1. If you check every pair at least six apart or on different chains, which have Cβ atoms under 8 Å apart with a residue in the range 173-199 that is without any contact (Cβ under 8 Å) to a residue 24 or more places away in the chain first and a residue that is among the aliphatic types (A, V, I, L, M) and assigned to a loop (DSSP other than H, G, I, E, B) second?
2. For the subset of the range 66-89 comprising residues that are among the polar types (S, T, N, Q) and assigned to a helix (DSSP H, G or I), which member is nearest to Thr116 (Cα to Cα)?
3. Would you pick out the residues in the range 50-102 that are of a type outside the set (Val, Ile, Thr) and closer than 14 Å to Leu126 by Cβ?
4. Could you list, ordered by first residue, the pairs with Cβ atoms under 8 Å in which the first is in the range 334-349 and farther than 16 Å from Val36 by Cβ and at pLDDT 70 or above and the second is among the aromatic types (Phe, Trp, Tyr) and crowded, with 18+ Cβ neighbours inside 10 Å, at least 6 apart or interchain?
5. It is to be established whether one or more residues within the range 130-142 are within 15 Å of the chain's Cα centre (by Cα), in contact (Cβ under 8 Å) with a residue 24 or more places away in the chain and under 30 Å from Pro204 (Cα atoms).
6. Being within 14 Å of Ala263 (Cα to Cα) and part of a loop (DSSP other than H, G, I, E, B) is the filter here, so list the residues in the range 185-201 that pass it.
7. Exactly one of these conditions fails for Ser322: (1) buried (at least 20 other Cβ atoms within 10 Å of the Cβ); (2) of a type in the set (S, T, N, Q); (3) more than 16 Å from Ala82 (Cβ to Cβ). Give me its number.
8. Name the residues in the range 94-113 that are buried (at least 19 other Cβ atoms within 10 Å of the Cβ), in contact with a Ser or Thr (Cβ under 7 Å, 6 or more places away or on another chain) and without any contact (Cβ under 8 Å) to a residue 60 or more places away in the chain, would you?
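The values are calculated or read from the model by the stated rules, or taken from the named source; none is laboratory data. Because the structure is a prediction, the values reported are computed rather than measured. Every residue, glycine as well, gets a Cβ built from its backbone with ideal geometry; the counts of neighbours run over all protein chains shown.
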Amino acid sequence: MSIPLKLQPPPSAPAADLPAPRVDGSRTLVDRFGRVARDLRVSLTDRCNLRCSYCMPAEGLEWMPSADMLNDAEIQRLITLAVSRLGIRQIRFTGGEPLLRKNLEGIIAATSSLVTDEGAPVRIALTTNGIGLHHRIEGLRAAGLHRVNISLDTIDARRYTAMTRRDRLSGVLRSIDACLRAGMDPVKINAVVMPGVNEVDIVPLASYCVNRGAQLRFIEQMPLGPRDQWRRGDMVTARDILARLRTRFEMFEVGDPRGAAPAALWNVRDTATGVRGQLGVIASVTRPFCGDCDRSRLTSDGTIRNCLFSRAETPLRNLMRSGADDDELARAWASAMWEKKPGHGIDDPGFLQPDRPMSAIGG
């Protein structure tokens with residue numbers, strides 16, 4: 001059974017009849033291939049309290065100086081601009097680890113007061129490693145948080161410690177349970193599968209999530225961590241993941257179009273327990289969904305990235321600090337998105353990994 005992804009990268013040449021970017025309506029963040037950015041990923045810090053082997057070296061990275069990072073007022077100015085002028089409808093706060101950002105609750109509360117071009121509240125999500133989240137989830141929910149994604153690659157304590165270089169699994173599991181009790185719906189769990197490392201965890205992790213009512217999404221490993229540690233031919237593909245899942249689960253493709261969402265979903269039944277749930281696979285490498293991408297990314301030091309794999313950035317922080325008004329910022333942002341490439345280019349012979357590591361880009 002193939003992965004039900006209908007999406008293909010857009011054509012290599014831009015459509016001739018598309019207008020140049022404008023700042024006068026809800027289709028402002030459009031690129032030359034007709035994709036419209038509605039989802040903004042906001043990285044709040046490059047710092048992290050884990051040292052996951054696929055993300056950074058054991059000794060960590062040189063963190064960004066605090067003076068280079070956007071302050072709370074600058075973050076809120078750009079988020080407000082994105083929602084009120086540029087058609088953004090969903091905000092996802094990422095890191096590094098966003099729980100390390102002081103005043104996270106205040107940033108979420110300010111964002112929750114905004115209204116989109118459709119007259120609806122902004123949808124607010126958080127991507128986190130879950131450490132300490134069980135202490136804060138009620139406050140975050142009260143501030144306006146709607147959804148949470150927790151990164152978890154194994155439920156085996158020894159493997160978790162080896163992969164993250166920290167012994168914090170029990171706290172993450174408490175956070176998952178706390179999010180479920182708090183009514184986060186769905187609670188999504190993100191798992192990166194690596195060859196020879198945690199392939200054996202595919203079925204146990206899926207069973208753990210299904211039987212607790214969380215939605216697990218497996219992610220093909222991408223070239224975003226330490227250089228020279230990723231090889232296209234060695235990766236665990238979506239096809240491999242699905243083959244393992246079928247040894248334990250009855251799986252039924254979800255037929256509804258998923259739009260710009262990255263995960264292909266299956267309704268599943270755990271044959272050992274009879275419990276039903278949902279699993280997803282994000283095949284970023286083998287079945288890219290660039291053709292429907294609706295994301296814009298703001299890094300913690302205030303640059304716009306129009307693609308996770310982009311090697312070009314537009315520095316809005318510098319413009320703000322030099323006195324740019326909102327019109328200038330909006331034009332710069334729209335121009336950056338207009339230049340978005342048709343696809344991430346991982347399979348291109350000349351592909352180059354981004355200069356920034358994943359922790360400095362944001363998930």
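1. Leu173/Ile155
2. Among those that are among the polar types (S, T, N, Q) and assigned to a helix (DSSP H, G or I), it is Ser84.
3. Gln90, Arg92, Phe93, Gly95, Gly96, Glu97, Pro98, Leu99, Leu100, Arg101, listed by residue number.
4. If the second residue must be among the aromatic types (Phe, Trp, Tyr) and crowded, with 18+ Cβ neighbours inside 10 Å, no pairs are left.
5. Yes, some residue in the range 130-142 is within 15 Å of the chain's Cα centre (by Cα), in contact (Cβ under 8 Å) with a residue 24 or more places away in the chain and under 30 Å from Pro204 (Cα atoms).
6. Pro186
7. So the condition that Ser322 fails would be (1).
8. Hits for the range 94-113 are Glu97, Pro98, Leu99, Arg101.
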